[in-house]
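Undergrad: Before we start, here is the structure in question, set down as structure tokens.
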Amino acid sequence: MSVPVDPEIIHHLKKDRILVPILENFSPSFDSNPSDVFDELTRSIVSQQLSVKAAATIYSRFLSLFNNNNKLRNTLADFPEETLRSVGLSAQKAKYLKNVALHFDTNQLHHVNWKSWSDDDIINELIQIKGVGKWTIEMILMFSLNRPDVLPLDDLIIRNNIQRLYGVESKNKQLIKDLTTIAESWRPYRSYACLYLWAAKNSAFIP
């Protein structure tokens, strides 16, 4: 269910006066229902470098290969790559999907309680899967597991908007350090600050 950002969170973020105009002029919402990590990983891999429409079409074809989610989880690791490619997946994506399934099977992750894991533990676990990058995991933390304090600096929109909003001119490792320092005042709600920064993309509020 999509819900608005809690007013208490907005009040906290307004301690950063530079954010105030964005907080007062945008109203992002988020889905409060957590979703399955395995399902979201497979969806993310299928969708990489595709338009929204193309991704939805291919993902639907991908799911049609399986009767239900249990069959997807139980059989994907051994599923023929040729069959996966027949629904429009590249050879690389087919391999990445099988990597996800094999990692979940090998490490018995299908039924773990992700709520008991820290953000860092989840990142350290899933980053081991070839084809799964940190940005993908951060998106899952934010939108699948509803973690409130994620700062996805690998996201170009977030990184560029913070740079422009705060006039940061440093580069490389120093840039990441500077952006992380700026976001310290947003804790423990950095995910929500990012929702507003995404909402303000291409607006007059980002100089």
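The values are calculated or read from the model by the stated rules, or taken from the named source; none is laboratory data. Worth saying up front: this structure is predicted, and the values here are computed from it rather than measured. Note that each Cβ is placed from the backbone with ideal geometry, even for glycine, and that neighbours are counted across all protein chains shown.
Undergrad: So SER203 passes all but one of these: (1) of a type outside the set (Val, Ile, Thr); (2) over 20 Å from VAL20 (Cβ atoms); (3) in a loop (DSSP other than H, G, I, E, B). Which condition number does it fail?
TA: (2)
Undergrad: Continuing with the same structure: In the range 100-110, which residues are surrounded by fewer than 18 Cβ atoms within 10 Å (Cβ to Cβ) and either under 14 Å from GLU40 (Cα atoms) or touching a residue at least 24 places away in the same chain (Cβ under 8 Å) (or both)?
TA: Across the range 100-110, the qualifying residues are LEU102, ASP105, LEU109, HIS110.
Undergrad: I need the full set of residues from the range 127-145 which are crowded, with 16+ Cβ neighbours inside 10 Å and under 10 Å from the mean Cα position of the chain (by Cα), in order please.
TA: THR136, ILE137, GLU138, MET139, ILE140, LEU141, MET142, PHE143, SER144, LEU145
Undergrad: For the range 132-183, name all the residues that are farther than 30 Å from VAL46 by Cβ, assigned to a helix (DSSP H, G or I) and of a type in the set (Lys, Arg).
TA: ARG164, LYS173, LYS177
Undergrad: Taking the options LEU97, LEU84, name whichever one is touching a residue at least 24 places away in the same chain (Cβ under 8 Å) and surrounded by 17 or more Cβ atoms within 10 Å (Cβ to Cβ).
TA: Values: LEU84 fails: touching a residue at least 24 places away in the same chain (Cβ under 8 Å).
Checking each option against the conditions leaves just LEU97.
Undergrad: Could you tell me which of the residues ASN33, ASN67 is part of a loop (DSSP other than H, G, I, E, B), at negative phi and without any contact (Cβ under 8 Å) to a residue 24 or more places away in the chain?
TA: Sole residue among the options that is part of a loop (DSSP other than H, G, I, E, B), at negative phi and without any contact (Cβ under 8 Å) to a residue 24 or more places away in the chain: ASN67.
Undergrad: With (1) in the same structural domain as ILE9 (by TED's automatic domain parsing); (2) farther than 19 Å from ILE123 by Cβ as the list, and PHE205 as the residue in question, which single condition is left unmet?
TA: (1)
Undergrad: Same structure, new question: Restricting the search to the range 78-99, which residues are part of a helix (DSSP H, G or I) and within 23 Å of the chain's Cα centre (by Cα)?
TA: GLN92, LYS93, ALA94, LYS95, TYR96, LEU97, LYS98, ASN99
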